[in-house]
Amino acid sequence: MKLYTYFRSSAAYRVRIALNLKGLQYDTELVHLLKDGGQQNSAGYRALSPLGTVPCLEADDGGHLTQSLAIIEYLDEVHPEVPLLPARPADRARVRSIAQTIACDIHPINNLRVLNFLGEQFQVSPEGREDWYRHWVNEGLLAVEKMLADDPRTGRFCHGDSPGLADCCLVPQVFNAQRFNCSLEQMPTIRRIYRACEALAPFQAASPVNQPDAE
């Protein structure tokens, strides 16, 4: 397999964690989102990922997959050892709900394309863009905190005592929240789970600071 990735992409970070948790070997193709006008905008990369986003996974059969949650569920189906989703349908739905709250409600309105558009088209200052980022991260993570704190199925990790899909999404979002100086004071469950994940080698190896393109 080959993963098209950028060290600071939350979505690529999720997939790196999933690959590492499963112990899967993969090659890395670096796609710099800022250099050369954004390498994701090249015709060659757009042929693989029409929206020009990372990650993109060249799968075992040579096909190319986009969207981090779809890639992770593909990995879970094709390589079921070290499952990232629980067995019971209700539990699977819960884990997907946590993951999608992060990947669909928090991340899309705060990614690089959106922040750049705010500045370029609406002349929002860098300070204003950071305020935008912190507002939506705080609102979203407070919801995730409630989902975790109020449910007895939360264990050492988001669901039980083994890391899974929800943790693959939570850790990159918290990493970025810290990078933008978002307060996590009201989120003790999230902070606890984040520390538990960060103590594990698969999460450490996937961290942006440990990628070959880290800056």
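Would it be correct to say that residue 73 is over 22 Å from residue 132 (Cβ atoms) and either within 16 Å of the chain's Cα centre (by Cα) or touching a residue at least 24 places away in the same chain (Cβ under 8 Å) (or both)? Here the answer is yes, as residue 73 does meet what is asked.
Conditions (1) of a type in the set (D, E, K, R); (2) under 30 Å from residue 135 (Cβ atoms), marked per residue:
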| residue | (1), (2) |
| --- | --- |
| 18 | no, yes |
| 27 | yes, no |
| 38 | no, yes |
| 57 | no, no |
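Just so you know, all these numbers are worked out from the coordinates, no wet-lab data involved. Since this is a predicted model, take the numbers as computed values, not measurements. Every residue, glycine as well, gets a Cβ built from its backbone with ideal geometry; the counts of neighbours run over all protein chains shown.
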